[in-house]
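Accompanying notes for the structure given below.
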Amino acid sequence: MEEVVVENLFNGARKAMIEAARELSKLSSKQRHNLAERGVIEPLIMMLHSQDYEAIEAALFALLCLTFGSERNKIRIVKSGAIPVMLSILQCQNEELIELTLAAMFTLSSCTVNKLEIASSETIQHLIQFLNGD
């Protein structure tokens, strides 16, 4: 199953990528660790740039699953450029995507190594504006 997930995330069409991201979420912790080692974070972050809510939702959930129990994956996700694109997702009108994004940002910020980068990226300012409804 790992091979199919990797292949579809790197080379699949839209539907195959979404299905691979969803499948990643169902895998064991060890399998998710192996997938992160194989570089699946990059295509998941690329999916966040999509205008397709279904793709964004699947990618956010998969990234969130990769963070569970793995400080290394939290660091990889932030270093791969997830924060700026997550900030842009907060501007959308889809409540589910906003909730997933906030959960992912909260989880990523729980890693000490990420705190400075997240704070210096204007994330806090954007979150305050979001909470104030601006």
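Quick check: residue separation of Ser110 and Asn94 times 0.36 nm, minus the Cα distance between them. What number comes out in nm?
Details: separation 16, 0.36 × 16 = 5.76 nm, distance 2.47 nm.
Extra length available between Ser110 and Asn94 comes to 3.3 nm.
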Row for the chain, column shape: gyration tensor on C-alpha, a ≥ b ≥ c, rounded if a/c < 1.5 i.e. under 1.5, prolate if a/b over b/c, else oblate; value oblate
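What number, rounded to the nearest 500 deg cm²/dmol, is the helix-based mean residue ellipticity at 222 nm of the chain, given -39500 (n - 2.57) per DSSP H run of at least four residues and division by all its residues?
On the way: 10 runs with 106 residues, N = 134.
Rounded to the nearest 500, it is -23500 deg cm²/dmol.
If you stretched the chain out fully between His49 and Lys79, how much longer would it get, using 0.36 nm times the residue separation minus the C-alpha to C-alpha distance? Write down the numbers at each step before the final one.
Working: separation 30, 0.36 × 30 = 10.80 nm, distance 1.61 nm.
Difference between extended and current length: 9.2 nm.
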Qualifying lysines (Cα of each under 23 Å from Cα of Lys15; at least 8 residues distant if same chain) | Lys26
How do the peptides 58-66, 115-123 rank, highest first, by the average count of neighbouring beta carbon atoms within 10 Å per residue?
-> 58-66, 115-123
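Where a number appears in this text, it was derived from the coordinates with a stated rule and is not lab data. Quick caveat: nothing in here was measured; it's all calculated off a predicted structure. Note: ideal-geometry Cβ built from the backbone for every residue, glycine included; neighbour counts use all protein chains shown.
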